[in-house]
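What follows is calculated from the coordinates using simple rules that are stated; it is not laboratory data. For clarity, every value in this text was computed on a predicted model and none was experimentally measured.
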């Protein structure tokens, strides 16, 4: 039985990856940062099937311990400070976790089990102010946020450990990937949750920033398969994972609102608070290498993805309304003052 260690297992990607690996017969370990109130909602369906280890990407000794306990064949480093918007007011924290944390995890692998195969979650945000379109593995990086800069560091450190220590270390340059498990801080979930609440009469408006920014959005459940495929190859390499299609935030609003019979123009208010200090206007990935070499392909299209998320948020908000639970009982943000549409992978 293969063994896998996933950092960030309670997040969107970590939870889908855990389910994927369990279905393939893996023994799955998950690293989680110790908090006073653990949040296992994403992995609740498989919580009794995974083994949780307390640890922190900023603490090398805890990562060494996690490697010793899990003795993994594969390590998936998905943990990070993962919000672009947060990276401006908290650049040092972002650097410590999203950049230096990668080095700590790589070092723990090198010291304890150098034969383990390592996956690093790189990001399309590394391209930032894009120098060519579409973006592929050889496109130069030009990050436009502390988050993007930190991801570039982690990406090149992974390459360095592969070339310097002969580790099987891959980076997946994943473009935006969403799901009903996406955090409320991200634009897709911010929109679909607001659409559900407006449809149910629980909210009257949605405040947004730049509606013309364009992204390459896919389904997180499809993208975790690509992570696994990278670690099954004979040779370690880096891959762009994307749909090859781009959609604007305005299109996102049109699809989500029209799905419930509403016109977004009646509810969306432009708010300068939700504009980034340095905007990334267009991200569009070229997944040709992954399609050809990994045999990977996406299964869920853009409209189907957004409709899936709206349906999920309709069920969630209806359940909260029916049971008279308060919004804070489920740690849902106030959509009127939620973070800007920071998009990260």
Need the full-extension length gain, residue 54 to residue 24, defined as separation in residues times 0.36 nm minus the C-alpha distance. One decimal, nm. 8.3 nm
Give, in whole angstrom and from largest to smallest, the semi-axes √(5λ) of the equivalent ellipsoid of the stretch 1-140, with λ running over the eigenvalues of the Cα gyration tensor. 25, 17, 17
Provide Rg and Dmax in Å for the stretch 160-291, with only Cα atoms included in the calculation. 18.2, 58
Average Cα contact separation per residue, the chain, under 8 Å, 6 or more apart, as relative contact order %: 19
Using Cα pairs under 8 angstrom and six or more residues apart, how large is the relative contact order of the stretch 1-148, in percent? 23
Hull volume in cubic angstrom per residue (convex hull over the Cα atoms of the chain): 127
What number in nm² do you get for the stretch 5-84 if you take the convex hull of its Cα atoms and divide its surface by four? 5.4
Mind checking the angle between helix 249-259 and the chain's longest principal axis? C-alpha axes, 0 to 90 degrees, to the nearest 10. 60
If one takes the longest principal axis of the Cα atoms in the chain, at what angle in degrees, from 0 to 90 and to the nearest 10, does the Cα axis of helix 60-70 lie? 80
Looking at the chain only, what percent of DSSP beta bridges run antiparallel? Nearest 5 please. 5
Selected from 256, 319, 116 as most flexible by GNM, with the chain as the system and alpha-carbon contacts under 10 Å: 319
Nearest 10 degrees is fine. How inclined is helix 146-165 to the longest principal axis of the chain, computing both from alpha carbons? 20
Net length gained if the chain between residue 263 and residue 235 were fully extended (0.36 nm per residue, minus Cα distance): 5.1 nm
